[in-house]
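Readers should treat all values here as calculations from the given coordinates under stated rules, not as data from a laboratory. Please read these numbers as outputs of a predicted model, since none were measured by experiment. Ideal geometry is used to build each Cβ from the backbone, glycine not excepted, and the neighbour counts take in all protein chains shown.
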Amino acid sequence: MLTPCPLPSSGPNGRDWRTENPGKVQSSFPCRIPPAFASLIAAAENSGDAGAADALKRQVCPSPGEGLITGNERSDPLGEASHCVFPRLVHQYKNRVLLLSTGRCIGYCRYCFRRSFGAGNYGFISDEETEQVCGYIAGNPEIDEILVSGGDPMSAPFRKLEALFSKIRGARPSLLIRLCTRAPVFAPEIFTPKKLKTLKSFRPLWIIPHINHPEELGSAQRKCLSAFIDAGIPVQSQTVLLQGVNDDSGILCRLFKDLTCLGVKPGYLFQCDLAPGTSCFRVPLKKGLSIWKELRKELSGLSLPSFAVDLPGGGGKFPLSVAALVENIVSCTNNELIIRCDDGKVYTYLI
Ligand SMILES: *Cc1c(COP(=O)(O)O)cnc(C)c1O
């Protein structure tokens, strides 16, 4: 059973943020606020940055808004079930598979798109399921990447993850492993030098941390990300665009610049998926597109992530950057591309 982690005391204003949103939450989705994240909230409150404190709290504190299920929301918003080869293995794109290693997390993000899987009902993948998965990747050489996700793989005892990675390596010695986790923000302290050494031994391996706000990069989190880089483990982040958290080009700019300076490539900015009870987090498409256009002006190619949406029903990731720029395309034919740039001038590429 999951129990909430110890929480910090109330902020300087005397209010206790744990009980600020006591409204009835219809969902059985667990609440768990990891100590490292609680410290970030406390630090934001103590520094008087109420906006940042709220942005962090919103992500982990249940709110009455979760009780509202809108007609467009689905328990499997990405349609992953239609691409499952085994209950925990999604093979949607030809050359890469997604493994749901566990349903558990270190902390529970209220906007989770896999909340029906991640409600704590599913533990770490069993030996039998691991055998099945390894047999499948061994028999399908067109697969050259495996995303190990969940839940959060780092919520499991590390020896279990190590055993899983060993079996994957046994099945496919050069398969690229992507470790998708929120642990660098929620529990940076768990990445000890010994664990980093173990992770490094499984290269090729990338770490894909989920990071949404610049104030999630406290000193412990920065140290953790830097340790990956120092260990020679490449890192690409992903971010979810969230109302009341980071739906502001200034905040996102700061986040993506800070990440780049730490050696982390901002990979994806995701439109929030249509999971039940997450409407209070969704940013209207038009606003998202306009935020991304701002980012494109402010950030270098290195710092700018792809803006994408996972199409409901199993359509996969679609680049929203295309939708943001469609107005700029005057014509695109076999041998001619005509673009109206933001400076108002028209440019032609002819072959
Ligand atoms: C996102 C995702 C991937 C990885 O896609 P990339 O574009 O390579 O990041 C693979 N499989 C599934 C099912 C996914 O949702």
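At a glance:
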quantity: Note, ³J(HN,Hα) from phi for segment 102-117, Karplus 6.51, -1.76, 1.60, rounded to Hz, x at Gly and Pro; calculated: 7, x, 8, 9, 6, x, 10, 6, 5, 9, 3, 8, 10, 5, 6, 8
quantity: Residue (of G277, G250, C224) at the positive-pole extreme of segment 189-281, dipole from beta-carbon charges; calculated: C224
quantity: Normalised contact order of segment 214-351, rounded percent, pairs of Cα under 8 Å and 6 or more residues apart; calculated: 19
quantity: Most positive-pole-ward Cα, G139, L78, G267, against dipole of the chain from beta carbon charges; calculated: G139
quantity: Segment 195-303, dipole about Cα centre (Lys/Arg Cβ +1, Asp/Glu Cβ -1), debye to the nearest 20; calculated: 340
quantity: Reduced Cα scattering model of the chain, Debye log10 I(q)/I(0), q = 0.10, 0.12 Å⁻¹; calculated: -0.64, -0.92
quantity: Helix-derived mean residue ellipticity, 222 nm - over the chain, DSSP H n ≥ 4, -39500 (n - 2.57), to 500; calculated: -9500 deg cm²/dmol
quantity: Calculated from backbone phi, Karplus (6.51, -1.76, 1.60) coupling profile of segment 166-178 in Hz, x at Gly/Pro; calculated: 4, 5, 4, 4, x, 6, 8, x, 10, 4, 6, 9, 10
quantity: Those lysines that a straight Cα-Cα span of less than 23 Å connects to K345, excepting residues fewer than 8 apart in one chain; calculated: K293, K297
quantity: Candidates G65, G123, G301, ranked by Gaussian network fluctuation over the chain, Cα under 10 Å, top entry; calculated: G301
quantity: Amide hydrogen neighbours beyond the local backbone of R178, cut-off 5 Å, H modeled; calculated: I146, L147, V148, W206
quantity: Candidates A183, A171, A55, ranked by Gaussian network fluctuation over the chain, Cα under 10 Å, top entry; calculated: A171
quantity: Note, ³J(HN,Hα) from phi for segment 197-206, Karplus 6.51, -1.76, 1.60, rounded to Hz, x at Gly and Pro; calculated: 5, 5, 4, 4, 5, 9, 4, x, 9, 10
quantity: Length-normalised contact order for the chain - Cα pairs under 8 Å, 6+ apart - percent; calculated: 16
quantity: Student exercise, segment 53-155 dipole from Lys, Arg, Asp, Glu Cβ charges, in Debye to nearest 20; calculated: 460
quantity: Dipole axis of the chain (+1 Lys, Arg; -1 Asp, Glu on Cβ), positive-most option in P64, L289, A38; calculated: A38
quantity: Cross-link pairs beyond the 19 Å C-alpha cut-off, checked among K194/K265; K194/K257; K197/K223; K197/K265; K167/K223; calculated: K194/K265; K194/K257; K197/K265; K167/K223
quantity: Within straight-line cross-link reach of K57, lysines at Cα separation under 18 Å, skipping those fewer than 8 residues along the same chain; calculated: K24
quantity: Of P188, P77, P173, the one that fluctuates the most in a GNM where the chain has Cα springs shorter than 10 Å; calculated: P173
